[in-house]
1. Build a GNM of the chain with springs between Cα atoms under 10 Å: which of 11, 75, 42 gets the top mean-square fluctuation?
2. Given 20 °C and 1.002 mPa s, how large is the Stokes-Einstein diffusion coefficient of the chain in µm²/s, with Rh as the Kirkwood radius over Cα pairs?
3. Compare 69, 102, 31 in a GNM of the chain, Cα atoms joined below 10 Å, and give the one with the largest fluctuation.
4. Roughly speaking, what is the centre-to-centre gap between the stretch 1-72 and the stretch 77-134 when only Cα atoms are used, to the nearest Å?
5. Calculate how steeply helix 125-134 sits against the longest principal axis of the alpha-carbon atoms of the chain, using the helix alpha-carbon long axis, and give the answer as 0 to 90 degrees to the nearest 10.
6. GNM, the chain, Cα, under 10 Å: largest mean-square fluctuation among 61, 122, 21?
Ligand code: T46
């Protein structure tokens, strides 16, 4: 079975002032960065995502608080709690993703390999499964 949860651990460059993490395209993350967005102030009980991408590669880092990701390839699904700013969830290939259980203070940063393009989204789960099965 293909591994669904791929986590990248980042080196913390800490000193007596505090901590710093550097993310560098094609060095400690495996793609070129074209976009960064972040999700915050998520209302209680709200879940997000519920889509897949045709081509996009992304890295999700929970900078503050916590959030649960579900990653699904159309056959299997796995979940992971992101609650550390030095761990990134790498999402590549045709994967349905959902985000649940946002803590009130959650700040989720996502680094993406391409600009925003609604045409790259598959937002219907049955359609996603059909496309995944055909691969
Ligand atoms: C993903 C998960 C982890 C933009 O205009 N530009 C952007 O770069 C993004 C990401 C979104 N938008 C607009 C599109 C919607 O009108 O912002 C609104 C909220 O986007 P969406 O409902 O797609 O947000 P999420 O949290 O469900 O999903 C997002 C990303 O869209 C998606 O690529 O993998 O986070």
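Just so it is clear, none of the values below were taken in a lab; they were calculated from the coordinates. What you see is a predicted model, and the numbers here were worked out from it, not measured in a lab.
1. 75
2. In µm²/s, the coefficient rounds to 137.
3. Top of the fluctuation ranking is 31.
4. A separation of 9 Å, based on Cα centres.
5. 80
6. 21
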